[in-house]
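Questions regarding the structure given below will be posed in turn.
The values are calculated or read from the model by the stated rules, or taken from the named source; none is laboratory data. Just so we're clear, the structure is a prediction, and the values are computed from it rather than from any experiment. All Cβ positions, glycine included, derive from the backbone under ideal geometry; neighbour counts span all protein chains shown. These accessible areas exclude ligands, DNA and RNA; they are computed on the full protein's heavy atoms, side chains included. Shrake-Rupley method; radii C 1.70, N 1.55, O 1.52, S 1.80 Å.
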Amino acid sequence: MMKKIFSIVFLIVFIISCGCNETLTVFTLNEQEKTIVPYKLNDTVQWVDNNNATHNGIVNDVVDRYSEDKTDCDKVKFNDLLHYIQFDDFKYSITISKSNIIRLGIHEYTNDQSTKYFTGNPNDFTTIEFNSETYENAILLKQSVLDDMPFGHLVYSKTNGIEFILFEDGTWYKRVE
């Protein structure tokens, strides 16, 4: 009887000891990284287009969340900060994400369908010239598209967010203050 109990206890200890120790890695955006997206809830953003029409957008949602990825014994949490700007017939989501690197992603949505996506590295902010304008502390983002498709450009600055959008058909929006 004692041998049976010892065998069962040994088997349980052996099974438990064969498991791995789970590690948790958490990547959190610090306050300086969060300022890469300058919008605040209920801010109004105004752009004028190539036809001199004004478009007003409202920052209607700000979400600070963690996404999770798990492999065998490792769990990783990534911090995402999302800002949504709603216009009459489209919206933009601006996301700053932190994992082992920091990424900036901007989606355009029409009828809740993603129609355009721009991505860039927030470490690349500099002075740029685009469309005969100079932008400080900015980056030029190119639309992510399939091969041989026309693409748009977007100028994004730490100070004002989306500054200028050049669409693939040559039309554009420019931020006004």
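Counting only protein heavy atoms and a 1.4 Å probe, tell me what percentage of the range 31-177's accessible area is made up of carbon and sulfur.
Summing carbon and sulfur atoms, their accessible area is 42 percent of the total for the range 31-177.
If you take all C-alpha pairs in the chain, what percent of them are over 23 Å apart?
When every Cα pair of the chain is considered, 51 percent fall beyond 23 Å.
Top to bottom by accessible area (1.4 Å), largest first, where do W47, W172 land? Write out the running numbers ahead of the final one.
On the way: W47 0, W172 70 Å².
Ranking W47, W172 by accessible area, largest first, yields W172, W47.
How far is it, in nm, from the label point at K142 to the one at N123 when both lie 7 Å from their Cα along the line to the Cβ?
2.1
Now, a different point. Could you provide, to the nearest whole Å², the per residue accessible area of the range 53-127 with probe 1.4 Å?
53
How much length would be gained if the chain were fully extended between T54 and T115, taking 0.36 nm per residue of separation minus their Cα-Cα distance, in nm to one decimal? Mind dumping the intermediate values first?
Values: separation 61, 0.36 × 61 = 21.96 nm, distance 2.12 nm.
This chain segment gains 19.8 nm when fully extended.
With the cut-off at 20 Å, tell me which of the pairs K116/K174; K98/K174; K34/K142; K34/K158; K40/K75 have Cα atoms farther apart than that.
Check vs 20 Å cut-off fails for K98/K174; K34/K142; K40/K75.
Continuing with the same structure: Return one number: the angle in degrees, 0 to 90 and rounded to the nearest 10, between the long axis of the Cα atoms of helix 2-18 and the longest principal axis of the Cα atoms of the chain.
Relative to the chain, helix 2-18 is tipped by roughly 20 degrees.
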